[in-house]
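Below you'll find the structure, written out as structure tokens, and then a few comments.
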Amino acid sequence: MSEWRGRTLGTREATYDETRAILYALAVGAPASALDLVFEKDLRVLPAFALTLAQWAPDELGPAGAFDTATAVHGSQRLRVREPLPPSGTVAMTARVGEVWDKGRAAVFEVVVESAYFDATWSIFAPGAGGFGGERGPSARRRPSGDPDRTLALRTSPNQAALYRLLGDRHHMHIDPAAAKAAGMPRPFMHGLCTLAAIVLPVADAYEAHPADLAELDGRFAAPVFPGDELTIETWRDAGAVLFEAAVGDRTVISGGRAAFTGGRPA
């Protein structure tokens, strides 16, 4: 698997308009009252929208033969914002395989996308691809010790996955009950990136930050979320950022969460 480390996945340009940026905001749960997110006048683009523009990169790796696309899952996500995205425009991106970690029975492939506006890293967990004698890589961020500063509630929409898939991730398991069952799920489930971006909205509000001022975002996808689920989000302040964990009932769905904002970083 070491032959995959550093391999280029090519370059691509993605062009979008205000309608697409507004659709994204609505798909991740922005209310109609958030005019600067859903109205073209003075529109601000949610930074995690960039991940929909870069989705092509992780989608390139499986078909290239790195792992079995039928069993590989999106393990975690990292986003670092360099510059705010304009309301419309063209974004040039380059992509490569970063590290490939050996987890024993599985491997973790890091897909790195870089642009003038953002850097993003997908971690893809690939069962059956480990055991090649490589390094295990860093451990996942542990749940913070101590009681959370805040506990927030987030109700997802029954239509949320159907909306989000229009942004480019059209894997059938998010809309088709038969495809979801073939993937081992009882019904269609949310895109992990949709859930992660949706959490940013109440977290920003709770800490008096604007969601469009997101500077850094991390999260690990611990379990699926189904459209209509209600999430309980626990948060902790940490060195100018917010750490968070999200659960549905007693089942953790997002772990190792971290969000940092400019123009109003939590103290």
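The values are calculated or read from the model by the stated rules, or taken from the named source; none is laboratory data. Worth saying up front: this structure is predicted, and the values here are computed from it rather than measured. As a convention, Cβ positions derive from the backbone with ideal geometry for all residues, glycine included, and neighbour counts pool all protein chains shown. Heavy atoms of the whole protein, side chains included, go into the accessibility calculation; ligands, DNA and RNA do not. Shrake-Rupley method; radii C 1.70, N 1.55, O 1.52, S 1.80 Å.
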**Study point:** Amide H contacts under 5 Å for Glu99, placed H, 5+ residues apart
**Key:** Glu110
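Work the Kirkwood hydrodynamic radius out for segment 132-181: mean of 1/r over every pair of different alpha-carbon atoms, inverted, in Å.
Values: mean 1/r = 0.0647 Å⁻¹.
Mean inverse Cα-Cα distance, inverted, gives 15.4 Å.
Given +1 on the Cβ of Lys and Arg, -1 on the Cβ of Asp and Glu, and no further charges, what dipole in debye does segment 41-172 carry about its Cα centre, rounded to the nearest 20? Display every interim value, and only then the final one.
Working: 16 positive and 14 negative charges, 93 e Å.
For segment 41-172, the charge dipole is close to 440 debye.
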Practice item. Work out the charge dipole of segment 125-267 with +1 on the Cβ of Lys and Arg and -1 on the Cβ of Asp and Glu about the Cα centre, then indicate which of Ile233, Thr156, His191 is farthest towards its positive end. Key: His191
Check your understanding: Non-local amide H neighbours of Gly75 (under 5 Å, H modeled in plane, Pro and chain starts lacking H): which ones?
Key -> Ser123, Ile124, Phe125
Practice item. In a Gaussian network model over the chain where Cα atoms closer than 10 Å are linked, find which of Gly104, Gly128, Gly146 has the largest mean-square fluctuation. Key: Gly146
Exercise for review: Using label points projected 7 Å from each Cα along Cα→Cβ, tell me how many nm separate Thr151 and Arg237, to one decimal.
Suggested key: 2.0
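Work out the FRET efficiency for Thr15 and Thr94 from their Cβ-Cβ distance, taking R0 = 22 Å, and round it to the nearest 0.05. Please report the intermediate quantities before stating the final value.
Values: r = 17 Å, r/R0 = 0.75.
Using R0 = 22 Å, I get an efficiency of 0.85.
Please state, as a whole number in µm²/s, the translational diffusion coefficient that the Stokes-Einstein equation yields for the chain at 10 °C and 1.306 mPa s, with Rh defined as the Kirkwood radius across alpha carbon pairs.
On the way: Rh = 18.9 Å.
Using the Kirkwood radius from Cα pairs, D works out to 84 µm²/s.
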**Study point:** In order through segment 3-9: 3J(HN,Hα) via Karplus (6.51 cos²θ - 1.76 cosθ + 1.60), integer Hz, x for Gly, Pro
**Key:** 5, 7, 5, x, 5, 6, 10
Revision key, fill the gap. Exposed-loop cut sites defined as chymotrypsin sites (Phe, Trp or Tyr not before Pro) in DSSP loop states with at most 16 other Cβ within 10 angstrom; longest site-free run of the chain spans 133-267
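Using only alpha carbon pairs under 8 Å that are at least six residues apart, calculate the relative contact order of segment 165-235 and give it in whole percent.
Values: 52 pairs, mean separation 18.3, N = 71.
Result for segment 165-235 is 26 percent.
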Check your understanding: Of all the accessible heavy-atom surface of segment 176-239, with the other protein chains kept in place and a 1.4 Å probe, what percent is carbon and sulfur?
Key -> 47
Point to revise | Cα-centre dipole for segment 94-159 with unit charges at Cβ (Lys and Arg positive, Asp and Glu negative), debye to 20 | key: 340
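To the nearest 20 debye, what charge dipole does the chain have about its Cα centre, counting +1 at the Cβ of each Lys and Arg and -1 at the Cβ of each Asp and Glu?
Working: 27 positive and 32 negative charges, 113 e Å.
Approximately 540 debye in magnitude.
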Review point. How many percent of Cα pairs in segment 200-264 exceed 17 Å?
Key: 39
